[in-house]
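Trainee: Once you've had a glance at the structure underneath, I'll fire off some questions.
Coordinate-derived values only; no laboratory data. Remember, it's a predicted structure, so these values are computed and weren't measured experimentally. Glycine also receives a Cβ, built like all others from the backbone with ideal geometry; neighbour counts cover every protein chain displayed.
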Amino acid sequence: MRSEVKLALVGIAPLAAGYLLNFIWTLADAISGIAILLLGVMFLALWGYAAYKLSSNDKKILPQVLSMCAFAALMLLLVLYQEIVRNAYLGSIIGSLPQLYFLPWLTLASSFFVPFAGFVDVLRIWPAYIIVFVLLFAISFLGIYKKRKSI
């Protein structure tokens, strides 16, 4: 199977991780914020490892990164449409899937907002989704770049 197809299939995997985390969080009474943050870092490391293992040295880096992050870009567009344009989430699966996709990394991305929390009344969540996408793109790039440089 071509490396772009493998990377694109791995790009869908966060849906399962987000669903699993949502299931765990609804069952547990209290999960530490540090534990959630560490899970986000672990999932980010797994994302980079998948990029490293599944990439091809024969192909250019950017097309491989784009194929791995294509589904994430679609999820980002869906969530931004709901957050910015509609100001409400859809009640269907189209409304919940983008949220579940980014769930493993939201706590990690939200930690970027901590310094600003005392200066604004309401923090919107859509910048966190953009931060998560940028992190996924950067980690994909680093994983594929590292494999290319190790050979």
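Trainee: Considering just Cα atoms, how many Å³ per residue does the convex hull of region 3-150 enclose? Let's see the in-between values first.
Mentor: Values: hull volume 18.8 nm³, N = 148.
In region 3-150, the Cα hull volume divided by residue count equals 127 Å³.
Trainee: Next question. Using Cα atoms only, what is the angle between the long axis of helix 93-110 and the major principal axis of the chain, expressed in degrees (0 to 90) to the nearest 10?
Mentor: Approximately 90 degrees, to the nearest ten.
Trainee: Would you mind getting me the FRET efficiency between Ile94 and Ala138? Use the beta-carbon distance for r and R0 = 35 Å, nearest 0.05.
Mentor: Computed FRET efficiency for Ile94 and Ala138: 0.80.
Trainee: For region 50-59, take each phi angle, set θ = phi - 60°, evaluate the Karplus expression 6.51 cos²θ - 1.76 cosθ + 1.60, and give the result in whole Hz per residue in order, putting x for glycine and proline.
Mentor: 5, 4, 5, 6, 8, 7, 10, 6, 7, 10
Trainee: Hey, what did the chain get for relative contact order, percent, Cα under 8 Å, at least 6 apart?
Mentor: 40 percent
Trainee: Take each of the peptides 83-92, 134-143, 64-73, average the number of other beta-carbon atoms within 10 Å over its residues, and list them starting from the highest.
Mentor: Output ranking for 83-92, 134-143, 64-73: 64-73, 134-143, 83-92.
Trainee: Right, something else. Helix 61-80 versus the longest principal axis of the chain: what angle, 0 to 90°, nearest 10, using Cα atoms?
Mentor: Relative to the chain, helix 61-80 is tipped by roughly 20 degrees.
Trainee: Please give the peptides 96-102, 57-63 ranked by average Cβ packing (other Cβ atoms within 10 Å per residue), highest first, as a rough proxy for protection. Write out the running numbers ahead of the final one.
Mentor: Values: 96-102: 20.9, 57-63: 12.4.
So the order, starting with the most tightly packed, is 96-102, 57-63.
Trainee: Helix 126-150 against the longest principal axis of the chain: what's the angle in degrees, Cα atoms only, rounded to the nearest 10?
Mentor: 20 degrees
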